[in-house]
Amino acid sequence: MSEQQPESVVRAWREVVDTARRSAADGLVVGTSGNVSARVGELVLVTPSGVPYDRLRPDDAVGVDLTGRQVLGELGPTSELPLHLAVYRETDAAAVVHTHAVHATAVSTLVTEVPLVHYAAAILGGPVRTAAYARYGTPELADAMLAALQGRTGCLLANHGTVTYGATLDQAYERTAQLEWLCRLWLTASAVPGHRPALLTPAQLAEVTEALKGYGQPG
């Protein structure tokens, strides 16, 4: 990356690459599937299309403005750029993570909403919805995703994968990991012959949502 780039951009690109590599190491993507982005002001740094994450260097930074016009880098941006830009236009997100996590993608083929098998759903804003199927990289997929994200910080994409966002890449990634775990849990419990998983009620989930407001160390 050019030395003329602000430190905030250099740091954000490094975090994008690190998060993309982490998603591969954790088995949430295979090969060059999935993509990661971070917003720095009016600039969106995003993983390029079709480039293995372990080959990305500081000089490979790819940046677009909020209309999708490329303003940084020589490599072409991910084919899922419309999905990322839609999140930034419609939310206060500063980071977006999209994966093809196995258990979450499996669940996306089975239900329109992830059953409330655990209170981890509260971390994502409530019951996680499945966006209607549309081909990858299309405005139709971005629109379906936005509908599923209403009041949520993550959703499933039918027969495709996951999308989560957050104020930081760490937060967006943590939400992805929680969503994959939640889906794995439901699939595991559902596979026990002769039994159906007990589900939380909306009231129980609301109680957890309130309790989470005081979770963690004081800021």
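In a simple Cβ point-charge model (Lys, Arg +1; Asp, Glu -1; nothing else charged), the stretch 115-219 has a dipole of about 200 debye relative to its Cα centre.
Relative to the longest principal axis of the Cα atoms of the chain, the long axis of helix 81-90 lies at roughly 70 degrees.
The mean sequence distance of close C-alpha pairs (under 8 Å, at least 6 residues apart), as a share of the length of the stretch 32-109, puts its relative contact order at 33 percent. Per residue, the average separation of C-alpha pairs within less than 8 Å and at least 6 apart gives the chain a relative contact order of 19 percent. Helical content alone sets the calculated 222 nm signal of the chain at -11500 deg cm²/dmol, taking -39,500 (n - 2.57) per DSSP H segment of four or more residues and averaging over every residue. Relative to the dominant Cα principal axis of the chain, helix 7-25 is inclined by about 50°.
Distances between placed amide hydrogens fall under 5 Å for residue 93 paired with no residue 5 or more residues away or on another chain. Its alpha carbons considered, the stretch 1-132 gives a radius of gyration followed by a Dmax of 15.7, 50 Å. Projecting the Cα positions of 81, 133, 189 onto the charge dipole of the chain (unit charges on Cβ atoms of Lys, Arg, Asp and Glu, taken about the Cα centre) puts 189 furthest along the positive direction. For the stretch 61-219, taking Cα atoms only, Rg and Dmax work out to 16.5, 57 Å respectively. With both labels modelled 7 Å from their Cα along Cα-to-Cβ, the residue 201 to residue 59 distance reads 6.3 nm. Distances between placed amide hydrogens fall under 5 Å for residue 79 paired with no residue 5 or more residues away or on another chain.
Here the Gaussian network model covers the chain, with springs between Cα atoms less than 10 Å apart; of 26, 143, 65, 26 fluctuates the most. For the chain, modelled as a GNM whose springs connect Cα atoms under 10 angstrom apart, the maximal fluctuation among 89, 39, 129 occurs at 89.
The ellipsoid equivalent to the alpha-carbon distribution of the stretch 129-177 has semi-axes of 19, 10, 9 angstrom, derived from the gyration tensor eigenvalues as √(5λ) and listed largest first. Which residues does the label zone of residue 174 cover in the stretch 192-215, counting backbone N under 14 Å from a point 7 Å along Cα→Cβ? The answer is 212-215, whose backbone nitrogens lie closer than 14 Å to the label point.
Values in this text are rule-based calculations from the coordinates and carry no lab data. A quick note: this is a predicted structure, and the numbers were derived from the prediction, not measured. So basically every Cβ, Gly included, is an ideal-geometry build from the backbone, and we count neighbours across all protein chains shown.
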